[in-house]
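Worksheet: the structure to be examined is printed underneath.
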Amino acid sequence: WGRYEHAETVGFGTIEGDTVNVHEGDMFAGAQATGATLALSDVKLLAPCEPTKMLALWNNFHALAAKLDVAEPDEPLSLHKADNSFLGPGEVIRRPKAYDGKVGYEGELGIVIGKECKNVPEVDVVGTIFGYTCINDVTAMELIFKDKTFPQWARAKSFDTFGVFGPVIATGLEPGSLVVKTVLNGDERQNYPISDMIFPVEKLVSMISHDMTLMPGDVICCGTSIGVGSMKEPSNSGEVTIEGIGTLTHRVIAEESVPADLSGAQLPAVDSYRRPR
């Protein structure tokens, strides 16, 4: 499933190969095929849904917890990415003028909720999930612990364009079999299995639904694993790929810059941003 812009009109539908099958109604509540089709090359793909909220997990992979030497949590540690941050595939991540530190990438699996749910038992979670998407959970890395009295997770994660997701929502997948790959300027930076999650999908959605009501289209970013690093502009292009979903592309520029040739630059070694001791 995807959302698109065509002839100054926003629509949605299913994507099969190079064809968009146009639908009408509500993507999450009985969408109906119109019978019309569009060539994928003739549309601009947008963020595949419009969430009321995007929640992102911290410390949800065994391998990364071990690498950072932090304890694995007893319950999901989540933060909020504001809706002004949402960005679709092929768009430009813009470094804000208010921040001049490192901007980090995090390739992740995103869970897209399909119906309103609260206090959902694990055994019923599958029925609440619409599908899965690719995430780049962008972070102003040096901002989080800049103020020693207050970790600034929401601010660091919610700058405009910092919530990248798409290109589509894929249904019918077994999330435990998926692998996330992140590539920057042709260099693979992340390649990790979703099966390494501390809180697998069913437990994650169930536990979060006991904290807050989840609405159709809401996105849960499952957290990331080894390979997190920083992006530099204006010469950065990147991809987050999950087989069965597709490839989410992005570019990076400074807020005051204009798009340029974003090929060829190499990135520094991986950066971590665990809490200072």
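The values are calculated or read from the model by the stated rules, or taken from the named source; none is laboratory data. In this text the structure is predicted, and so the values were computed from the model without any measurement. Ideal geometry is used to build each Cβ from the backbone, glycine not excepted, and the neighbour counts take in all protein chains shown. Accessible surface is based on the protein model in full, side chains and every heavy atom, while ligands, DNA and RNA are left aside. Shrake-Rupley method; radii C 1.70, N 1.55, O 1.52, S 1.80 Å.
Scanning the range 168-217 for residues that are among the polar types (S, T, N, Q) and part of a strand (DSSP E or B) gives Thr182, Gln190, Asn191.
For the range 205-226, which positions are more than 18 Å from Thr52 (Cβ to Cβ), hydrophobic (A, V, I, L, M, F, W, C) and open to solvent by less than 10 Å² (accessible area, probe 1.4 Å)? Passing the criteria: only Cys222.
Of all residues in the range 193-205, those that are acidic (Asp, Glu) have Cβ atoms under 6 Å from Cβ atoms of residues that are open to solvent by less than 10 Å² (accessible area, probe 1.4 Å), 6 or more apart or on another chain, in Asp196/Phe61; Glu202/Val125. Exactly one residue among Lys102, Lys44, Lys97 is basic (Lys, Arg) and free of Cβ contacts under 8 Å to residues at least 60 places away in the same chain, and that residue is Lys44.
Among the residues of the range 133-156 satisfying the criterion of being assigned to a loop (DSSP other than H, G, I, E, B) and open to solvent by 50 Å² or more (accessible area, probe 1.4 Å), which is nearest to Leu79 (Cα to Cα)? By that ranking, first place goes to Phe150. Report yes if Gly229 is farther than 25 Å from Phe28 by Cβ and either modelled with pLDDT under 95 or open to solvent by less than 10 Å² (accessible area, probe 1.4 Å) (or both), otherwise no. Yes.
Could you tell me whether any residue of the range 93-105 is buried (at least 18 other Cβ atoms within 10 Å of the Cβ), more than 30 Å from Glu5 (Cα to Cα) and modelled with pLDDT of 95 or more? No, the range 93-105 has no match at all.
Within the range 125-138, residues that are in contact (Cβ under 8 Å) with a residue 40 or more places away in the chain and closer than 17 Å to Phe86 by Cβ sit with their Cβ atoms under 6 Å from residues that are open to solvent by less than 20 Å² (accessible area, probe 1.4 Å) and aromatic (Phe, Trp, Tyr), at 6+ positions apart or across chains, in these pairs: Thr133/Phe165; Ile135/Phe165; Asn136/Tyr105; Val138/Phe162. Of all the numbered requirements in (1) open to solvent by less than 60 Å² (accessible area, probe 1.4 Å); (2) without any contact (Cβ under 8 Å) to a residue 60 or more places away in the chain, Leu184 misses one, and that requirement is (2). Apart from one condition, Phe130 fits all of (1) within 16 Å of the chain's Cα centre (by Cα); (2) open to solvent by less than 10 Å² (accessible area, probe 1.4 Å); the exception is (2). Screening Asp74 with (1) assigned to a helix (DSSP H, G or I); (2) surrounded by fewer than 14 Cβ atoms within 10 Å (Cβ to Cβ) gives one miss only, at (1).
Among the residues making up the range 172-196, those that are under 20 Å from Asn59 (Cβ atoms) and in contact with a Leu (Cβ under 7 Å, 6 or more places away or on another chain) are Pro175, Leu178, Val180, Ile194.
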